Every structure is written in C-alpha cells, then in structure tokens.
Amino acid sequence: MIFPWNKKKQSANVAKDRLRIAIMTDKKDEDFPFLADLKKDIIAVVKNYTEVRDIDIKKESDGEFEALSIDVHLG
Amino acid sequence: MGMIIAIISGKGGVGKTTATANIGLGIALNNRRCVVVDFDIGQRNLDMTLGLENRVVYDMIQVMDEEASLRQALIKSKISDNLYFLAASQTRDKTALDSLKIKQLIEDLSSEFEYILLDAPAGIESGYEHTIEFADTAIVVVNPEVSSIRDSDRAIGVLDSKSQKVKDGFDVDKYLIINRIVPEMVESGEMLSSDDILEILSIKLLGKVAEDKGVIDASNQGVPIILNPKSMAGAAYRRIADRLCGDNVPIEEPKVQKRGLVGRLKGMFS
C-alpha cells in the first residue's frame, strides 16, 4: 500500500514546493487590492456604449511578463 | 530615542511570547534599559512567562486612558534592574486600542528605554495592526512548518502596508527567528531547513533556536530559559540578544545531539 507517510523522508521538499505556491497565490490577491475598483470603472465605461453582464479580471504571468487579462461579457 | 521592536508571527503558538521574554531579559543582561509590552489585549501571557503575574496592578490600557501613570504601571523584573514589563489588559478587548494613544505611550517609553519590545497578538487583525503601527523593526518568529511560514508571510505583508514607517516612505527592518528546529528531522529531510525558509520568506536571519523541552519547564516556573546555562534554546536567545545589542555573534546551526550507548538504549525504550 502506498501511504503518504511511508514516503516521509523527503517531505521537507514537498513542504517547500507547496509553500511556494501557497504564498504566491496569497500574494496575488494582495498585490492588486484595486481590482474591485478597476472592475467597477470598466463596467461604467463599457456601459456608455453597450450592455455588460459581467467582467472577469485575471492576473497572468508568463516568466518575467505579467499581464491583466480582462474579459467583458456582454449582456 | 529607543528602538521599537515588534515581535510578530501571524500564527499563534510558535513561541512569540517566549521569544519576547527571553530577548528582553537578554538585552537587559547586556546592561541596556529594556521594556517589554504585552499587546495581546484580553489574553495576557507575558506576565507568566516572566514570573511577574502577581505584581500586575495596572495595565497599558489604564495608562493610555490616564487611569494610571506609566510609572505606576511599569513592573520591574526580579532578575534584572534594566528590565521592565507593561501588562496587557485582561478584561478589555482589542477594540480598546487607539492609534493616537498608542503613539503617545510608545513615545513616552522610547524616551526612557533603549529597547521597547512589543509582543504582538496572533493573527493579522486590528490588535496586530496596532502593535506594528509605530514599530521601526520587526522580529518574525516562525516554526519550520508550513502553516507558520505561510501565516508569517501574510503578517509581513500587513507590516509592509500598514506600518507608519512604510507610509512615511521608509522600510521597516525585518529579522527572522526560526524557532523549534529539530536538527535530526532537518538532517533526514523531514523538516524544512533554515535555508529553505529564508529562501521562501527572503528576510534577514537573526537566530535559530532548537526545540527544547526546557522551555515548558521554564514557563512552569516563570523563569525565562535564557537563565539556564545548559539549555540550547537559552544559549540561542543569549546570542540573539547580543546581536540586537550590536555584537557580531555568528549564527549557530542547532546540531544533532550525539548520544552514547546508554542514551541510545534509553531512546529505544522511551
């Protein structure tokens, strides 16, 4: 049987990897505290031209580049 | 002007209060005037760690509300004339804290003491924010364990956005203490190493403290472990205090305790 605790010898490495990802995810929310406001502003602007159902804003990173991807769902 | 140091951790139970008591006493034993302040409003604990619980008459909320003078509320340590203690309120809650009053209290302490140690409550709520608000240095206490490290990163994040020093455009100095290291487990790859933790948190290292059963015994008696000459944790806290006092003491890695044949046999049966 393969139990996770049978493989405990290298669990420090597992801890390190899990922590890296958890902390990166935590930071994502912290870095962009303005996302809610940005969303509100974009809705206001787009509404001047057409109906909007919802807006999705995601932070994406690809190596050294970071981007905000904004999806506007029209209503 | 004294140096205002907040002792923080995010997660509770990692040894923050023990660290505060021992570092405070260590600084005092270096002949520097030091005050330790318990900011854990409603859950006073530093008094017991220092063995001063029977001496508390007035707390810091009463000082801030001008129901008592600072001089009345400050309790002198039985061990060192250079160490003073200011208790947290046991009956009020953290909503009793007010930024302007805290600022005044810290300014008053800072004119009398060289080191002002603020023991932060666990968590990153308002009580924590008030503790770090006027600190110019933070000591982060972590255990080599995932939830402690993650929570400490969150606490550092709050520090970097909410402290007055940061709002004024400066950096808060941050130092890490890795507490409760089990060298055997680090060696066998079952516990995060100090290098792993430093890589993840990327702040300066102040000290490494081994897991030490003597810490419980010390808190049972209200005598900080720094006074126990045989204790590894005590020695680590002495070095940490010396470093804070400006001595260039190298950081020691907790070592696996080599046991003789009798010790090993005992270990097999315990």
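Normalised by the number of residues in the stretch A:33-75, what is the relative contact order in percent for Cα pairs under 8 Å and 6+ residues apart? Don't skip to the answer; put the middle values down first.
Details: 47 pairs, mean separation 15.0, N = 43.
Relative contact order of the stretch A:33-75: 35 percent.
Evaluate the Kirkwood expression for the hydrodynamic radius of the protein assembly as shown, namely the inverse of the mean inverse distance over all pairs of different C-alpha atoms, and round to one decimal in Å.
Details: mean 1/r = 0.0449 Å⁻¹.
One over the average 1/r among Cα pairs gives 22.3 Å for the protein assembly as shown.
Which value at 222 nm does the protein assembly as shown reach when only helices count, each DSSP H run of 4 or more adding -39,500 (n - 2.57), with the total divided by all residues and rounded to the nearest 500 deg cm²/dmol? Kindly include the intermediate steps, with their values, before the conclusion.
Values: 15 runs with 146 residues, N = 345.
For the protein assembly as shown, the value works out to -12500 deg cm²/dmol.
What distance in nm lies between label points placed 7 Å from Cα along the C-beta direction at B:Glu145 and B:Glu252?
Spacing of the two 7 Å Cα→Cβ label points: 2.5 nm.
Taking the Cα atoms only, what angle lies between the long axis of helix B:99-112 and the longest principal axis of chain B, rounded to 10 degrees?
70
Using a loss threshold of 30 Å², tell me which positions in the stretch B:139-161 are less accessible in the complex than in their chain alone. Probe radius 1.4 Å, ligands and nucleic acids ignored.
Residues shielded by partner chains are B:Val146, B:Arg150, B:Asp153, B:Arg154.
How far apart, in nm, are the 7 Å Cα→Cβ label points at B:Asp160 and B:Glu125?
Rounded to a tenth, the inter-label distance reads 2.5 nm.
Mind pulling the angle between the C-alpha long axis of helix B:146-162 and the longest principal axis of chain B? Nearest 10 degrees, somewhere in 0 to 90.
30
Counting only protein heavy atoms and using a 1.4 Å probe, what share of the accessible area of chain B belongs to carbon plus sulfur, as a whole percent? Could the numbers behind the result be given before it?
Details: 5950 of 12440 Å².
Percent of accessible area from carbon and sulfur atoms in chain B: 48.
Hey, could you pull the Cα Rg and Dmax for chain B, both in Å?
For chain B, the Cα-based Rg and Dmax read 18.4, 63 Å.
Distance from the Cα centre of the stretch B:10-57 to that of the stretch B:233-259, in angstrom?
One Cα centre to the other: 19 Å.
Beyond 13 Å, what percent of the Cα pairs of the stretch A:33-75 remain? Could the numbers behind the result be given before it?
On the way: 504 of 903 pairs.
The answer is 56 percent, as a whole percent.
Expected output is a single nm value to one decimal: the length gained when fully extending between B:Lys103 and B:Glu66, i.e. 0.36 nm times separation in residues minus the C-alpha distance. What is it?
Values: separation 37, 0.36 × 37 = 13.32 nm, distance 1.41 nm.
Going from the current span to full extension adds 11.9 nm.
When only C-alpha pairs under 8 Å and at least 6 residues apart count, what is the relative contact order of chain B, in percent? List each step's numbers first, then the result.
On the way: 529 pairs, mean separation 65.3, N = 270.
Answer for chain B is 24 percent.
With a 1.4 Å probe and every protein chain kept in, tell me what percent of the accessible surface of the stretch A:33-75 is carbon plus sulfur. Can you show the working numbers first?
Numbers: 1770 of 3500 Å².
Exposed carbon and sulfur together represent 51 percent of the surface.
Please state the charge dipole magnitude for chain B, taken about the Cα centre, from unit charges on C-beta atoms (+1 on K and R, -1 on D and E), reported in debye and rounded to the nearest 20. Provide the component values of the computation, followed by the final result.
On the way: 32 positive and 40 negative charges, 193 e Å.
Dipole magnitude for chain B comes out near 920 debye.
Return the average number of partner chain Cβ atoms within 10 angstrom of each residue Cβ along peptide A:13-25. Walk me through the numbers on the way to the answer.
Values: counts 3, 2, 10, 8, 0, 2, 12, 3, 0, 6, 9, 0, 1.
What the average comes to for A:13-25 is 4.
The stretch B:186-214: which residues show an accessible-area loss of 30 Å² or more, assembly versus chain alone, 1.4 Å probe?
B:Ser188, B:Gly189, B:Glu190, B:Leu192, B:Asp196, B:Glu199, B:Ile200
In Å and from the alpha-carbon atoms only, list the Rg and Dmax of the stretch B:34-136.
12.4, 34
Taking a probe of 1.4 Å, how large is the accessible area per residue of the stretch B:62-208, in Å²? Write down the numbers at each step before the final one.
Working: 6270 Å² over 147 residues.
That works out to 43 Å² for each residue.
Note the buried accessible area between A and B here, summed over both chains, with a 1.4 Å probe, in Å² to the nearest 100.
Values: alone 6880 and 13130 Å², together 18620 Å².
The A and B chains share an interface burying roughly 1400 Å².
Which one, B:Asn179, A:Val52, B:Gln90, projects farthest toward the positive side of the charge dipole computed for the protein assembly as shown from Cβ point charges (K/R +1, D/E -1)?
The residue sitting farthest along the positive end of the dipole is B:Asn179.
Relative to the longest principal Cα axis of chain B, at what angle does helix B:232-244 sit, 0 to 90 degrees, rounded to 10?
Once rounded, one gets 50 degrees.
The values are calculated or read from the model by the stated rules, or taken from the named source; none is laboratory data. Quick caveat: nothing in here was measured; it's all calculated off a predicted structure. As a convention, Cβ positions derive from the backbone with ideal geometry for all residues, glycine included, and neighbour counts pool all protein chains shown. The area values use the complete protein model at the heavy-atom level, side chains included, leaving out ligands, DNA and RNA. Shrake-Rupley method; radii C 1.70, N 1.55, O 1.52, S 1.80 Å.
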